[in-house]
1. Along Cα→Cβ, 7 Å out, is where each label goes; now give me the distance between the ones at Thr118 and Asp19 in nm to one decimal.
2. Quick one: pull the percentage of alpha-carbon pairs in the chain with a separation above 27 Å.
3. Where in the range 66-92 does the label zone of Ala137 land, with the point 7 angstrom along Cα→C-beta and an amide N cut-off under 11 Å?
4. Using just the helices of the chain, give the 222 nm mean residue ellipticity in deg cm²/dmol: DSSP H runs with n ≥ 4 each add -39,500 (n - 2.57), and the total is spread over all residues, rounded to 500.
5. How high is the relative contact order of the range 5-137? Use alpha-carbon pairs under 8 Å, at least six apart in sequence, and give a whole percent.
6. For the range 45-119, calculate the relative contact order in percent as a whole number, restricting contacts to Cα pairs under 8 Å that are 6 or more residues apart.
Amino acid sequence: MSVVPRELLELGDSLAAGDSAVEHRTAINRWYFANHNLAVVQTAKALRGYQARGDGSDHAGVIRALRSSKFKSIAMLLEPLREARGHADYHLDAANEGIPCRWCEGHVGGERESMEFTAADLDALRAVAHKCFSRIASM
Ligand SMILES: [Zn+2]
């Protein structure tokens with residue numbers, strides 16, 4: 001059975017309504033991948049010369065392609081989702097604190113009170129994820 005990006009977005013919404021940090025982090029992961037996967041497909045259709053490579057470089061690659069196009073505003077939404085996803089998946093707790101993290105560096109002057117996403121973070125990321133998704137879908 002195949003999956004479409006909108007299902008990832010909706011799964012993220014369901015997970016974000018949960019009570020645990022692991023659900024919240026997984027929600028952010030799903031929101032990012034909903035947008036990343038749709039962006040790869042839509043960017044290949046909209047921008048001549050862009051093609052996904054099918055490896056990890058696609059994450060920066062699609063954002064770079066969008067940033068240097070008329071779809072720059074989409075890149076500006078996708079980039080913070082990518083940074084949040086990095087924190088969600090790699091910056092789990094104090095044991096990972098030494099790992100460079102663009103999400104942490106970009107918040108509160110680089111000093112966050114905790115590794116957890118706050119309710120305000122989640123609300124903001126959900127809004128960005130949905131806005132970004134709509135914009136990508138209508139490219
Ligand atoms: Zn972090």
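Every number here is computed from the coordinates shown, using simple stated rules; none is lab data. In this text, all values refer to a predicted model and were calculated from it rather than measured experimentally. A quick note on method: Cβ atoms are made from the backbone with ideal geometry, for glycine too, and the neighbour counts reach across all protein chains shown.
1. Here the answer is 2.3 nm between the modelled labels.
2. Values: 1902 of 9591 pairs.
Of all Cα-Cα distances in the chain, 20 percent exceed 27 Å.
3. The answer is none.
4. On the way: 6 runs with 91 residues, N = 139.
-21500 deg cm²/dmol, from helical runs alone.
5. In percent, rounded to a whole number, it is 29.
6. Values: 40 pairs, mean separation 13.2, N = 75.
Normalised by residue count, the contact order of the range 45-119 is 18 percent.
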